[in-house]
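> Can you read through this structure? Questions will come right after.
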Amino acid sequence: MLPAAEQEAPLPMQQNKVVLVVDLVESVRLMAANEAAVVGHWHRFMQHAQATVLPQWRGRLVKSLGDGLLAEFSSASDAVRAALDFHRFFDTVNAALPHDQQLHLRAGLNGTHLYVDARDVYGHGVNLAARVASLAGPGETVVTANIRDGIVDGVDGELDDMGESYLKHWPEPVRTWRVRPADSTGMVAFKASLPPAQEDLRPTIAVIPLDCSTGLDEHQVIGELIADGVIAQLSRSRQMRVISRLSTTAFRGRGAQLSDIQAHLGSGYVLSGSYSVLGDRVVVMAELSDARRSDVVWADRVTGSIADLLHADSQLIQALTDSASQAVIENTVQRATILPCPQLDSNALLLGGIALMHRSTARDLERSRELLDAVTERHRRVASPWAWMAKWHILNIIQGRSADAPGEFRQAIDIADRALDLEPHSSLALAIKGHVQCHLGTQLEESRQLLLQATQANPNDHNAWLYAGFWSTMWGDPADAVRESERALELSPLDPQRFFIEMLVAHSYLMANDLPKTVELCQRSLQRNRYYLATMRVLMTAQYELGREREAKATLDRIVAIQPGLTVSGFLSYGSSSPLRIRGARAMKALGLPE
């Protein structure tokens, strides 16, 4: 019969924990050779473990065994990093010792449900961690499958599969992995070993699943939902590359340095943060950082309902995506406007060139040309900068800056051909060449085929659909024009040049004679860019045909203020057989523009 106190003692609480067993290799031989020295080294090691390593990695020392230790952790990642730090302690010591007197640890880790109290941990999982440690050689760490599943290869360490092993007093073979310190140069070497690919000059963003401030397991999925939604939305933009969540989730909850994230994921920008759950509401604190410069370029607090996150058009996710996307563009373009070209990254040259050409002022167009010249010089065999250079010439003509519009259009075609020589199936280059020919009003069938090829080469390229819609507006079916233009708007809801898309969609509604919708889209476009002449011309035409002549005359005056010397014949110097341009010319003439 057990004593009453022992009968009443409850079992320790059962918890899911990671057990780390560490012991000193050949401790008996080392002690026999120089006991005092070994004990001194071990004593200093234990002080280091308790004062530095275990607090840093959120571990608890369960017991010290004289030549080993037992510790428990809540996280596999923390336990592995602690084990690797333990090994590093003896590197300095061993540098001054003969080979046969050097001290090396071996470590084994296992994750399991254990009985845990303030003094000890209990369960067969502890025994398995000790058995696994026996597989490790000097300076090695060996882990079981459930630890391997909880760490990230290349981030927490480098993994070597040891296969299955039969362990003493264990009923079945155990699969194990050896863990070595992560080597960032290994990732560089791996990337260098890949076959050469077409260079992508766009800025890259990594969205790290947000951390839950409350720490409750049932709330953890919310961070993944937010990351999934933001990644899906950002991926629809042509202006940036977005890292897959399967890669970014490796950094959730790790407090990783921006430099580490950039090294492993190759991302220039990192969107991260935390959230709290208050009833049915979620409060998100997010920040966007420039990983290369360790600068926070945007931070904000966004609030929404948890139910909203499950909707395809979640307002909270849309707000986060809009702000992050705009911040990336603004930060990159700001650098492009103030720094000399040699000091700019290639993605800043390209993105700055694209953004500034759409701002439409003479100064911005000139700076855009400088940036595009620099990036085409730096990457002469990359198609996209040449395609955008061709687009620059189109906008230069549309803004009334060209002394020879037909000649500059032909120059744009030559540049687009160069892009297609480099990348024959580039949807961007195909679309821009087709767009140039559409403006000229020559080779219309070839122009249409190029645009259709662009939509087939990349059905998600909004530029291809946008220019196809413009072709239908100028030369084809108004119903096709609206359908194709609206498709472009759907594909690029966050485009920083949204005004340009809205302008071309407005063209399609004008061709369909939906004049109120045309005016609405033009006004929306001009709110984003008040200097864009093509938008003003469409607005003027719609206002005139609605009988709002005073408003139409005011719009024409704004056009002439930006483009002095404009005449009706000059407006018709290209594309003169297009019904839409004829309508525009008719309005200009009626409103008093000289022939």
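> Remind me, relative contact order of the chain in percent, using alpha carbon pairs under 8 angstrom and six or more residues apart?
About 7 percent, as a whole number.
> So, R0 is 45 Å and r is the distance between the beta-carbons of residue 443 and residue 520; what FRET efficiency does that work out to, to 0.05?
Using R0 = 45 Å, I get an efficiency of 0.85.
> Can you compute the FRET efficiency between residue 220 and residue 549 using 1/(1 + (r/R0)^6), with r the Cβ-Cβ distance and R0 = 51 Å? Round to the nearest 0.05.
That pair, residue 220 with residue 549, gives E of 0.25.
> Can you tell which of 303, 270, 389 lies farthest toward the positive end of the dipole of segment 268-393, using +1 and -1 charges on the Cβ of basic and acidic side chains (Lys, Arg; Asp, Glu)?
Of the candidates, 389 comes out farthest on the positive side.
> If you take the beta carbon distance between residue 11 and residue 153 as r and set R0 to 51 Å, what does 1/(1 + (r/R0)^6) give as a FRET efficiency, to the nearest 0.05?
Working from the Cβ atoms, E equals 0.85.
> Moving on. If you roll a 1.4 Å probe over segment 326-483 with all protein chains in place, what percent of the accessible area is carbon or sulfur?
Using a 1.4 Å probe with all protein chains present, segment 326-483 comes out at 48 percent carbon and sulfur.
> Using just the Cα positions, wrap segment 421-489 in a convex hull and report its mean projected area in square nanometres, one decimal place.
4.0
> Take segment 215-359, drop everything but the C-alpha atoms, weight them equally and run the Debye formula without solvent; then report log10 I(q)/I(0) at 0.14, 0.20, 0.21 Å⁻¹ to two decimals.
Here log10 of I(q) over I(0) equals -0.70, -1.31, -1.41.
> With charges set only on the Cβ (+1 for Lys and Arg, -1 for Asp and Glu), what does the dipole of the chain come to about its Cα centre, in debye to the nearest 20?
1720
> On a full-extension model of 0.36 nm per residue, what is the gain between residue 569 and residue 259, subtracting their alpha-carbon distance, rounded to one decimal in nm?
Gain on extension, residue 569 to residue 259, equals 105.8 nm.
> Defining a contact as two alpha carbons under 8 Å apart and six or more residues distant in sequence, what relative contact order in percent does segment 489-595 show?
About 21 percent, as a whole number.
> How big is D for segment 399-540, in µm² s⁻¹ as a whole number, if Stokes-Einstein is applied with the Kirkwood radius of its Cα pairs at 25 °C and 0.890 mPa s?
162
> Considering the options 62, 13, 317, tell which one lies farthest towards the positive end of the dipole of the chain, charges being +1 on Lys and Arg and -1 on Asp and Glu at the Cβ, about the Cα centre.
317
> Okay, next question. Regarding the chain, what is the average projected area of its C-alpha convex hull, in nm²?
Projected over every direction and averaged, the Cα hull of the chain covers 36.5 nm².
> Right, another one. Can you give the convex hull volume of the alpha carbon atoms of segment 17-117 per residue, in Å³?
Cα convex hull per residue, to the nearest whole number: 94 Å³.
> Same structure again: If you line up the long axis of helix 549-562 against the longest principal axis of the chain, both from Cα atoms, how many degrees apart are they, to the nearest 10?
Once rounded, the angle reads 70 degrees.
> Return a whole-number percent for the relative contact order of segment 52-111, with Cα pairs under 8 Å and 6 or more residues apart as the contact set.
Computed over segment 52-111, the figure is 26 percent.
> Run the accessible area of segment 239-304 with a 1.4 Å probe and give the carbon-and-sulfur part as a rounded percent.
45
> State in Å² the accessible area per residue of segment 461-552; use a 1.4 Å probe, count heavy atoms of protein chains only, and round to the nearest integer.
35
> May I ask for the angle, rounded to the nearest 10°, between helix 27-48 and the longest principal axis of the chain, with both axes built from Cα atoms and the value confined to 0 to 90°?
Helix 27-48 sits roughly 50 degrees off the main axis of the chain.
> Cβ neighbours within 10 Å, averaged per peptide: list 101-108, 273-280, 396-403 in order, most packed at the top.
The peptides rank, most packed first, as 101-108, 396-403, 273-280.
> Provide the per residue accessible area, probe 1.4 Å, for segment 287-370, rounded to a whole number of square angstrom.
Ligands and nucleic acids excluded, the figure is 45 Å² per residue.
> Using the Karplus equation 6.51 cos²θ - 1.76 cosθ + 1.60 (θ = phi - 60°), what ³J(HN,Hα) coupling, rounded to whole Hz, does each residue of segment 227-233 give in order, writing x for Gly and Pro?
Values, residue by residue: 4, 4, x, 5, 4, 4, 5 Hz.
> Between residue 35 and residue 175, with labels modelled 7 Å along Cα→Cβ, what's the label distance in nm to one decimal, could you check?
4.6
> Quick check: convex hull over the Cα atoms of segment 281-349, volume per residue in Å³, rounded to an integer?
Output value, Cα hull per residue: 93 Å³.
> Related question: How are the alpha carbon pair distances in segment 382-422 distributed across 5 Å bins from zero to the largest one, expressed in percent?
The percentages, shortest bin first, are 6, 30, 30, 18, 11, 4, 0.
> If I stretch the segment between residue 421 and residue 483 completely, what's the gain in nm (0.36 nm per residue apart, minus their alpha carbon distance), one decimal?
So the chain would gain 19.2 nm between residue 421 and residue 483.
> Charges only on Cβ, +1 for Lys and Arg, -1 for Asp and Glu: so what's the dipole of segment 411-550 about the Cα centre, in debye to the nearest 20?
Dipole of segment 411-550, to the nearest 20 debye: 580 debye.
The values are calculated or read from the model by the stated rules, or taken from the named source; none is laboratory data. Please read all numbers here as calculations on a predicted model, not as lab measurements. Don't worry about glycine lacking a Cβ; one is built from the backbone with ideal geometry, like all the others, and counts go over all protein chains shown. With ligands, DNA and RNA removed, areas are computed over all heavy atoms of the protein, side chains included. Shrake-Rupley method; radii C 1.70, N 1.55, O 1.52, S 1.80 Å.
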